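One structure is given below, encoded as C-alpha cells.
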Amino acid sequence: MPSTRAGAVAIASFAIVSAVAAVIVAGPKRPEAATAANALPLDAPLPQAVPPGTTLIIGDPTTQHILEHTGWIKQLPFTVKWAEISGGPRVTEAFHAKALDVGSSADIPPIHATWVGIPVKIIAVRLRQDPLNHPLYALAVSPKSGVRSLADLRGKRIAYSPGQVQGEVVLRTLKAEGLTPKDVTLVELPSVGGDLYVNALVGGLVDVAPIGVGTQARHYLAKFANDGAKVLPHPPFRDDLTVLYVRQETLQDPAKAAALRAYIALWGRAQVWERQHPDEWAKLYYVGNQGLSEADAQYVVSVSGEADIPHDWSTAIGMEQAAADSMAGETHHARLEAATLFDRRFEALAADAADAEQASESAASRLAQR
C-alpha cells in the first residue's frame, strides 16, 4: 500500500498528547479501578444506588451544555468533572492515562481502542434520522488536484486516519468506486484539529480529505471554491453512528456503574431537548460556546438532522461490525466481533428516558396551545 507520513502527523500527534497532558495535570485525581474483591461482573445487573462521594470524569461537551442550561445537572446523583476531551484520538489517550471515565466519538475509536489494548464498552448510541441525507462527512478536493468526481480518485493522495471514522469513510469510498488502497496514496494524518485537513488540502499535501459537512465544508468552499476547490458527497453509506463509551474497568466499579446508569438516562433526555429546541441549541452551543456566527450555527443545525435514540441496538451493532470489517484488513488486525463492544444493559436506558422527555415536551406544548 503506498503511504506517507508527513511532518503534519508529528504536529498532530504532539497536539493530542499535549491536550491530554493538560487534562491530566490540571484535572482531578485519576479514578481508581475496582479491586478484584468487589469488582462488578460485566453481566451483573446495573446497581441503582450511587454511593456518596462517587465521581465521574466525562468528556461529553454537548451534553454538558444542555444539562447546565436546563438545570438538569442538579439531578445527577454524583459529582461530575467535565473534561475538554472529545474525538477518538484524544479519548484513547485519556483512557490510556486513566484520566477519563466517559468519552464521546464516532464508530471507529472504540474499535481502535480495543485493538491497541484498551478494553472498552459502548453504553449509549445515537443515530440520525434520514441518515443518507444528513451525513457527517464529505470529501473535500484540493484546488489543484484535478479531481472532478469520485471517478478521478485513482492515483491521488488521500488523507487517512486509521483510528477515526474519517479513515473508514475513505476506505468505504474506495471500495464503492471499485478501488483498493493500492490504487491511491494514503497519507496518514489524524484529524485532531478543525483546520488540519483543510490546511493539508490547501498546502498541497493531499488531494482529497474527508471533512465535516457543517461549517468546515462551508468555509472551505467559501474560501477556495474560486480556486477550484470542491466538496463531493461520499457514496451512499451511513456514517452517522456516534457513541458514548467507557473503559471496561470503569463498569467493574459498582459505584461508577450506578453513576453511569443515571448519566445515560439524562443523556437520553438531552438528545430530545436538542431536537426540540434547534434555535435555542444553535445559540447556546454553536454561537455561545463554539463562537460561530448565527448564520453558521443555524446551518450546522440544519445539516445535522435530528437525533434517533434507538431502543434496539441491532442496527448500530451492524454498522459497528461493518466499520470493524472495513478497517481490520487495512490496519492488519484480526476480525473483531463488534457485538462484544456493546454493553446492552444500557440499551433501553437512554431510549426510555428520551421517550419520557418527548411525552413531557408534547404535553407541555399542548397545554401552551390551550
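The values are calculated or read from the model by the stated rules, or taken from the named source; none is laboratory data. Remember, it's a predicted structure, so these values are computed and weren't measured experimentally. Quick reminder, even Gly has a Cβ in these numbers, built from the backbone with ideal geometry, and neighbours come from all protein chains shown.
Structure data summary
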| read-out | value |
| --- | --- |
| Count of residues meeting criterion [more than 20 Å from the chain's Cα centre (by Cα) and assigned to a helix (DSSP H, G or I)] in the range 285-301 | 5 |
| For residue 255: the one exception among (1) farther than 28 Å from residue 49 by Cβ; (2) over 20 Å from the mean Cα position of the chain (by Cα) | (1) |
| Residues that are under 15 Å from the mean Cα position of the chain (by Cα) and acidic (Asp, Glu), drawn from the range 309-331 | 320 |
| Complete set of residues in the range 87-107 that are in contact with a helix residue (DSSP H, G or I) (Cβ under 6 Å, 6 or more places away or on another chain) and surrounded by fewer than 16 Cβ atoms within 10 Å (Cβ to Cβ) | 97 |
| Set 221, 201, 189, 251: member being out of contact with any Leu (no Cβ under 9 Å at 6 or more places or on another chain) and buried (at least 23 other Cβ atoms within 10 Å of the Cβ) | 201 |
| Positions within the range 302-318 being at pLDDT below 95 and either in a helix (DSSP H, G or I) or touching a Phe, Trp or Tyr at 6+ places or on another chain (Cβ under 8 Å) (or both), in sequence order | 302, 303, 304 |
| Inter-residue pairs, beta-carbon under 7 Å, first closer than 16 Å to residue 75 by Cβ and in the range 41-54, second of a type in the set (Phe, Trp, Tyr), 6+ apart | 50/78; 54/78 |
| Residue 270 being within 20 Å of the chain's Cα centre (by Cα) and either surrounded by 19 or more Cβ atoms within 10 Å (Cβ to Cβ) or in contact (Cβ under 8 Å) with a residue 24 or more places away in the chain (or both) | yes |
| Residue among 88, 103 that is within 11 Å of the chain's Cα centre (by Cα) and modelled with pLDDT of 90 or more | 103 |
| Any hit, the range 162-177, residues being without any contact (Cβ under 8 Å) to a residue 24 or more places away in the chain and assigned by TED's automatic domain parsing to the domain that holds residue 211 | yes |
| Residue check, residue 316 in contact with a Leu (Cβ under 7 Å, 6 or more places away or on another chain), assigned by TED's automatic domain parsing to the domain that holds residue 264 and under 16 Å from residue 130 (Cα atoms) | yes |
| Residues located in the range 67-83, provided they are under 9 Å from residue 266 (Cβ atoms) and in a helix (DSSP H, G or I) | 67, 72, 73, 75 |
| Selection within the range 203-232 - basic (Lys, Arg) and either free of Cβ contacts under 8 Å to residues at least 40 places away in the same chain or in a helix (DSSP H, G or I) (or both) | 218, 223 |
| Criterion (free of Cβ contacts under 8 Å to residues at least 24 places away in the same chain, hydrophobic (A, V, I, L, M, F, W, C), closer than 22 Å to residue 246 by Cβ and surrounded by fewer than 16 Cβ atoms within 10 Å (Cβ to Cβ)) met by exactly one of 334, 359, 339, 328 | 339 |
